[in-house]
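Written below as structure tokens is the structure these notes are about.
The values are calculated or read from the model by the stated rules, or taken from the named source; none is laboratory data. Remember, predicted model here, so these are calculated numbers, not experimental data. A quick note on method: Cβ atoms are made from the backbone with ideal geometry, for glycine too, and the neighbour counts reach across all protein chains shown. What goes into the accessible areas is simple: the full protein's heavy atoms, side chains included, and nothing from ligands, DNA or RNA. Shrake-Rupley method; radii C 1.70, N 1.55, O 1.52, S 1.80 Å.
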Amino acid sequence: MNQTNPTRPNAMSPHRAWGLWLFVACTTSAVHLTTLRISPPIWQDEVEIVELGRNALPGGDHSWSTLWSPKGRPIRILNYVGPCLQELACRLGGGSEIGPRLSTLIGALLAGTCFLGWLLRRQCRPLAALICASLLLLDPVFAQSWRGARVDCWVFGFIFMACWLIWRASSQKSRGSRSTPSLLAAGACLSLAGFCWASAVLLVPLVVHEVIAAYRSWFTRKGIAEMVPILLTLAGGTAVTFSLLLLPIWSFVGSSVGSTGAAVAASSQHASLLSVGSAIAQSLWLSPWVFGIGLLALSISANHVLLVAFLVAALGVSMTNPYIHRVLYLLPYLLLSLSTVFAFGTQRETKSPVYIRSVLVAVWLLIGWSATITLGARTWNAWRQREARSPDRIMEVALATVGARAAAVFTPCYEFYYAGRRLGWRQFHLFDYGASTKYEGISPAFLGQMQFVILPASEDTDAKLSASLREAGFILAQRVHAATSHVGTIVNTRVGAVGFGGYLFFVRR
């Protein structure tokens, strides 16, 4: 751990670091707000998270769902806090995509702010702490997550706040002050992170590392007895908050446990080295320097506890179905390791050694790359495709086909979700975590309850689904396109994706 030297001339003060962080946060937010509706186009994860929140919150129509269980009810999961935040934001935003995306922008700013506060509380040099907090906010992988209205940013925010409070409690104990409130609050943040999204478990080793680092002087034969009440207080705050968070969903906790278990089982398939390597390669392609230099810093670091924590988290990623938004959870470990390297490299000496100059070059390379990809390339790509990506195109198709009515509509096209809600549709899509295909379980009896069916035109209609449609009395009424002036593809998360594509519109005879 690198201590800040208050007597060293030209050293950045924590106060100035906070001021510069406010500038970075406001600048990046202003750029992101210009393309908030269109970058990325509406996609599956965003819609599913909002729908999970709608299924959990009271005040909604639970007789339909785009996450409809084969058992004839909406799917609910235990980790409802993050989805409920997104659903509340959707309601406050008038049912559009703006609300959930503003919510995750706030979550990203919270995560960066708590990360900076945590590093400063660790006595990291303010300039190094500011660099790492900026790298988190600008990281292309992290930006891809929260720009797509995923709730990983809220998980990061709660976990970083917990680490910040753990260090605060440690300093209070060293001064002889009461540390119980800080530890209880840290435990509450841990429970909130867990109820926000299940992937929070991948950051538990990081929290354990911070407890060991913050109370290192007490981990001795004489001091270990004093650690027992500290750990019990932290565990108590976690347990009490966990129990309180269970109360709102107590009536359907049984089905939630079943759905959560099915989701975990579906994502916990044995992953091959090839799939793990592919997921990491995707992340490296978007953010090669942070992951590459971070791994190097971690491997040469003398902090063996942090290295073990990282390896445990990496094992957790590899045991699930690894993909880019799960690999994202390794980023905090790498940035924490980088903070110690940058703290050393940002010292202003009269004659800097070559390796210090190399660290400074790496710092500017990291910031320049991240800002270019996240603020530059992403914004430019969105603006040049703004017509094809605009949710207004989907609203035009929705109005021209089904219109504004309380119609039962079956569609796997997630991009119709916001438009359908605003128009009063009752949207259905069967969702089964154990299903082998997206149309598994779609029977004529189920389709017989629908009035309209909208399918993507870019994929061949499943033979079994086609037979079920005919048996249920549906005929192909028309083919529609969301953006006639662009050659589009069905909305996806690929870099450079053009927006929305064509659709097959079925009606009942």
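Give the residue, chosen from 103, 145, 170, that is closer than 23 Å to residue 235 by Cα, part of a helix (DSSP H, G or I) and of a type in the set (S, T, N, Q).
170
Regarding segment 113-125, can at least one residue be identified that is open to solvent by 10 Å² or more (accessible area, probe 1.4 Å) and in contact with a Leu (Cβ under 6 Å, 6 or more places away or on another chain)?
No.
For segment 29-87, enumerate the residues that are within 28 Å of residue 113 (Cα to Cα) and touching a strand residue (DSSP E or B) at 6+ places or on another chain (Cβ under 8 Å).
We begin by selecting, within segment 29-87, every residue within 28 Å of residue 113 (Cα to Cα); these are 29-43, 45-50, 52-53, 78-87.
Hits for segment 29-87 are 47, 48, 52.
Can you pull out the residues in segment 441-477 that are in a strand (DSSP E or B) and either surrounded by 13 or more Cβ atoms within 10 Å (Cβ to Cβ) or within 37 Å of the chain's Cα centre (by Cα) (or both)?
Those that are in a strand (DSSP E or B) and either surrounded by 13 or more Cβ atoms within 10 Å (Cβ to Cβ) or within 37 Å of the chain's Cα centre (by Cα) (or both): 452, 453, 454, 455, 456, 474, 476, 477.
Matching residues to (1) of a type outside the set (Val, Ile, Thr); (2) at pLDDT below 95:
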position	(1), (2)
18	yes, no
25	yes, no
43	yes, yes
73	yes, yes
76	yes, yes
81	no, no
85	yes, no
89	yes, no
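Which number in (1) without any contact (Cβ under 8 Å) to a residue 24 or more places away in the chain; (2) under 16 Å from residue 146 (Cβ atoms); (3) open to solvent by 20 Å² or more (accessible area, probe 1.4 Å) marks the one condition that residue 89 misses?
Answer for residue 89: the failing condition is (3).
Filtering segment 298-332 down to residues that are farther than 14 Å from residue 145 by Cα and of a type in the set (Val, Ile, Thr), which residue is least open to solvent (accessible area, probe 1.4 Å)? Break it down stepwise before answering.
Of segment 298-332, the ones farther than 14 Å from residue 145 by Cα are 298-322, 332.
From what's left, of a type in the set (Val, Ile, Thr): 300, 305, 308, 312, 317, 320.
Details: 300: 126, 305: 56, 308: 87, 312: 78, 317: 7, 320: 26 Å².
Among those that are farther than 14 Å from residue 145 by Cα and of a type in the set (Val, Ile, Thr), it is 317.
Counting only residues that are surrounded by fewer than 20 Cβ atoms within 10 Å (Cβ to Cβ) and assigned to a helix (DSSP H, G or I), how many does segment 174-184 have?
The total comes to 5.
Keeping to segment 51-85, report how many residues are of a type in the set (Phe, Trp, Tyr) and not in a loop (DSSP other than H, G, I, E, B).
The number of residues fulfilling the criteria is 1.
If you scan segment 420-440, which residues turn out to be touching a residue at least 12 places away in the same chain (Cβ under 8 Å), of a type in the set (Gly, Ala, Ser) and open to solvent by 10 Å² or more (accessible area, probe 1.4 Å)?
The answer is 424, 434.
Report whether or not residue 308 is under 21 Å from the mean Cα position of the chain (by Cα) and either modelled with pLDDT of 85 or more or part of a helix (DSSP H, G or I) (or both).
Judged against the criteria, residue 308 is not a match.
Could you list, ordered by first residue, the pairs with Cβ atoms under 7 Å in which the first is in segment 287-316 and of a type in the set (Val, Ile, Thr) and the second is open to solvent by 80 Å² or more (accessible area, probe 1.4 Å) and part of a loop (DSSP other than H, G, I, E, B), at least 6 apart or interchain?
Taking only residues 6 or more apart or on different chains, not a single pair turns up.
From the list 157, 187, exactly one residue is buried (at least 24 other Cβ atoms within 10 Å of the Cβ) and at pLDDT 95 or above. Which is it? Full working, then the answer.
Numbers: 187 fails: buried (at least 24 other Cβ atoms within 10 Å of the Cβ).
Among 157, 187, only 157 is buried (at least 24 other Cβ atoms within 10 Å of the Cβ) and at pLDDT 95 or above.
Evaluate segment 102-113: report whether one residue or more is without any contact (Cβ under 8 Å) to a residue 24 or more places away in the chain and among the β-branched types (Val, Ile, Thr).
Looking through segment 102-113, at least one residue is without any contact (Cβ under 8 Å) to a residue 24 or more places away in the chain and among the β-branched types (Val, Ile, Thr).
Kindly list the number of the only condition in (1) within 20 Å of the chain's Cα centre (by Cα); (2) farther than 24 Å from residue 191 by Cα; (3) without any contact (Cβ under 8 Å) to a residue 40 or more places away in the chain; (4) open to solvent by 20 Å² or more (accessible area, probe 1.4 Å) that fails for residue 72.
Residue 72 satisfies every listed condition except (1).
Looking at residue 132, is it at pLDDT 95 or above, open to solvent by less than 10 Å² (accessible area, probe 1.4 Å) and assigned to a helix (DSSP H, G or I)?
no
Quick one: how many residues across segment 363-407 are small (Gly, Ala, Ser), farther than 25 Å from residue 95 by Cα and open to solvent by less than 20 Å² (accessible area, probe 1.4 Å)? Steps first, answer last, please.
Taking segment 363-407 and keeping what is small (Gly, Ala, Ser), we get 368, 370-371, 376-377, 382, 388, 390, 398, 400, 403-404, 406-407.
Adding the requirement that they be farther than 25 Å from residue 95 by Cα leaves 368, 370-371, 376-377.
Then keep just the ones that are open to solvent by less than 20 Å² (accessible area, probe 1.4 Å); that gives 370.
The qualifying residues number 1.
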